[in-house]
Structures are given as structure tokens and as C-alpha cells.
Amino acid sequence: MALFKPKFITFDCYGTLIRFDMAGAAQRCFSDRVDPDAMHAFTTDFSSYRLDEVLGAWKPYYDVVSNALQRTCKKWGVRWDKADSDFIYTDCASWGPHPDVPAGLAKVAKEFPLVLLTNSMKDLIPHHEPRLGAPIYMAITAEETGAYKPQMKGFEYMLDKLGCGPEEILHVSSSFRYDLMTAHDLGIKNKVWVNRGHEPANPYYQYTEINDIGGLPGVVGL
């Protein structure tokens, strides 16, 4: 795989490049209502409900967050208010990149166009793209595609917009559930898993593993 020279390197953004801190935002918001010993389980349920929300018809990401939060609070018997959803969604705009991202991206950006395929909104991604430290050739949001990952529609839309086939890209993500499983099913053979500890390894999906974006240049022979 080190010899593969993709036409584009495509990325998941949140979690892979941007430090996705939805759990931290929920913890800060609900510290007065959820016992510290139960907080991890609470935020895990919040994550599970967000995944369930994105599997349906497209809706604004605020609604994804808010619906998932309300369902979590209902399960836990915790009071929810619209201000809680507002707080967490607003917090999203403050997130920055993982420390390894700017230097690693800047190196590969000298040789390859970088593309984001992200479960984001047109009003949210402008807060994060400039923080990545490298020029982004194209940023494609779920709002633009009309579907959230792990649905296939966003990947298909991206390939059509880039005018290339699945064999011509290298897709990079820290998530199997949101990205790499779908990429595998669509015939994207060249995949990189950034092991940020979100999920266990799953070699069935045939990827190259790196610990952080600093390892990406070596994957493409730089």
C-alpha cells in the first residue's frame, strides 16, 4: 500500500482530524444532574442514540444532537431543557484539531488534494476547516449530500463530485462504524484506520493502521 498514489485522499473530519468532544460537552452540561460515576455510561448512551439518529432521513445536525440528548435523558430519568441542546451544539464550534493533525496534513497536502467527507453542516464546518493547518481541496457536508455516514449516499455523492472511482481514493478515518465499514462495502480498497482508541481493531476491513496523522505520509510514500 505504500506504493499506492491516490488521486485524492479523503477524510472523516470529526474524531479523525478534529478532536470530537461531544462527551465532554455533555459532561460539562449535565455535571449537576448526572452522578460522576455514571457519566461515562450516560455519554456512551448519548453516542449510541446519535448513531441511531443519523441512520434515518436527513435532518439538521442540531436535531440529531437534540433528539439523541432527549432520548438519553428519558432513559436516565434526567431533566432535559432546550438550553442543554443549545449548549452542546454551540460547544461543537469551539473544537480544535488533534495535536498531530496540522503537521501531518501539511506534508501530504503538498502532493495530494485533501477532501473532507463529514457529518457536518454548512454553518459548522467553517469553524473547523481553517484549524486543520493544511489546504483542503473540497469539504463535503452531510447537509450537502442529504445523508449522514454510515449511509452510502455521501460516499457515492463524493465520488461523483470528484469524478473518480472507489479505487482511486485513499479514505482515512478513526471509525469503522461511521466510515470504514461503508467504504469497504463500496469497494474502496485503500483505507487507513487512525487508531485513536475509539473502537477496537477489525482486520476484516483490510486497512493500514496508523496511530496518528503523522503516520499518513509514510502510507503514501512520502
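The values are calculated or read from the model by the stated rules, or taken from the named source; none is laboratory data. Computed from a predicted structure; not experimentally measured. Note that we place each Cβ from the backbone using ideal geometry, even for glycine, and neighbour counts take in every protein chain shown. Keep in mind that these areas ignore ligands, DNA and RNA; they rest on the heavy atoms of the full protein, side chains included. Shrake-Rupley method; radii C 1.70, N 1.55, O 1.52, S 1.80 Å.
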Taking a quarter of the surface of the convex hull around the Cα atoms of segment 22-94, what do you get in nm²? 4.5
Which of the GluC sites (Glu not before Pro) across segment 120-222 are loop residues per DSSP, with 16 or fewer other Cβ within 10 Å? none
In straight Cα distance, which lysines are under 26 Å from residue 74, not counting same-chain residues fewer than 8 positions off? 59, 82, 149
May I ask you to list the residues of segment 3-32 whose amide nitrogen lies under 19 Å from a point 7 Å from Cα along the Cα→beta-carbon direction of residue 83? 25-32
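Select from segment 81-178 those trypsin sites (Lys or Arg not before Pro) which occupy a DSSP coil region and have at most 11 other Cβ atoms within 10 Å, ordered by residue number.
110, 122
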Pop out the carbon and sulfur fraction of the accessible area of the chain as a percent, whole number, probe 1.4 Å. 53
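Rounded to the nearest 20 Debye, what is the dipole magnitude of the chain about its Cα centre when Lys and Arg each give +1 and Asp and Glu each give -1 at the C-beta?
Dipole about the Cα centre, nearest 20: 180 debye.
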